[in-house]
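Coordinate-derived values only; no laboratory data. Every value quoted in this text rests on a predicted model; they were computed, and no experiment measured them. Positions of Cβ are backbone-derived with ideal geometry, glycine not excepted, and every protein chain shown enters the neighbour counts.
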Amino acid sequence: MATTKLYLEDIEAAYETKFSAKVTKANEDSVVLDRTLFYPLGGGQNWDEGTLVGPNGAIDVVEVRGREDIIHNLGSEHQLEIGDEIVGEIDWERRYAHMRMHTAQHLVSGIAYELFDGVRTVGNQINLTHSRIDFNPISFDQDMLLELTEKTNEIISLKHEVTDLTMMRNEINSIMPPERTNMDLLPSFIDELRVVKIGDSLDLCPCAGTHISNISEIGEISIIGKKSKGKGTQRITYELSNSEFLRKKKSNII
Ligand SMILES: [Zn+2]
């Protein structure tokens, strides 16, 4: 049985920080759980860190990977065994920074597509203090970066809600061009997808990451760097100011 991804259940689930689960596999320095709030490395977003508290006390989670089975790497030997009940807690500061950075990436990618002749997002890396997006084909000058920054901050100030829903491929493609959502890069057998929507179809993107529930939580975005990656690809680096609309974690155990 694959691990149930509790952080994916809806947008609000990304604000949950504590959960109970059962160990389903135990290796020397890692465990798999039947359910988890820990986000594994994927989609350009870094993994969650935190702790697992089991029958023999607390142990740190240092790395999380996997798609079906989510592997919680504990960085050292541990005493957890198959069937043990644990309470997991994720590091909220790290998770929330990723949620804000990741949602900002959706927004910047969508706005760049509209502003600059359908430029595509060909890569992204979501980190704690700054994040990166790779665009192609593009040659940004200072005016273009300023325009992208100003337009993004203008839209953030409109405080749109972020929602998630399940949609069929055809439906998504009828609302957004497949080059904007990268739908054309998904294998054709995938027909039903979890989609993250900003406002009333301001942006629509198939995604299995963690996001904030309102774009006002992003704060203000600043583009702090630009670098050529060759073959018409340019990478921009951005950071976020602290938002006055920051939301608190939910700390009940789910
Ligand atoms: Zn996303």
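Comparing Met176, Ala21, Gly225 along the charge dipole axis of the chain, the residue lying farthest to the positive side is Gly225, per the Cβ-charge model. Under 5 Å between amide hydrogens, built in the peptide plane, is the criterion, and for Val61 it picks out Gly50, Thr51, Leu52 among residues at least 5 positions away or on other chains.
For the pair the stretch 28-54 / the stretch 137-215, the C-alpha centres are spaced 26 Å from each other.
In percent, rounded to a whole number, the relative contact order of the chain is 22, using alpha-carbon pairs under 8 Å and six or more apart.
Within the stretch 156-254, the trypsin sites (Lys or Arg not before Pro) that combine a DSSP coil assignment with at most 11 other C-beta atoms in a 10 angstrom radius are Lys231, Lys248. Using θ = phi - 60° in the Karplus curve 6.51 cos²θ - 1.76 cosθ + 1.60, the 3J(HN,Hα) couplings for the stretch 29-39 round to 10, 8, 9, 10, 10, 6, 8, 7, 9, 6, 7 Hz; x is entered for Gly and Pro. Counting beta carbons within 10 Å around each of Met168, Met99 and listing the fewest first gives the order Met168, Met99. For the stretch 95-240, the mean projected area of the C-alpha convex hull, equal to one quarter of the hull surface, is 8.1 nm².
Dipole magnitude for the stretch 4-90: computed about the Cα centre from +1 point charges on Lys and Arg Cβ and -1 point charges on Asp and Glu Cβ, it is near 160 debye.
Step through the table entries Lys5/Lys250; Lys151/Lys229; Lys159/Lys197; Lys5/Lys159; Lys18/Lys249, compare each Cα-Cα distance with 21 Å, and write down the pairs that go over it. With Cα atoms farther than 21 Å apart: Lys151/Lys229; Lys5/Lys159. Computed over the alpha-carbon atoms, the chain gives an Rg to Rh ratio of 0.99, Rh here being the Kirkwood radius from the mean inverse distance. Entry note, the chain: the mean residue ellipticity at 222 nm calculated from DSSP H runs of n ≥ 4, each adding -39500 (n - 2.57), is -6000 deg cm²/dmol after division by the residues and rounding to the nearest 500.
Taking the three principal axes of the alpha carbon atoms in the stretch 1-100, the coordinate ranges are 35, 26, 21 Å, sorted in descending order.
Loop-resident GluC sites (Glu not before Pro) (DSSP state other than H, G, I, E or B) in the stretch 51-125 with no more than 12 further Cβ atoms inside 10 Å of their Cβ: Glu68, Glu77, Glu81.
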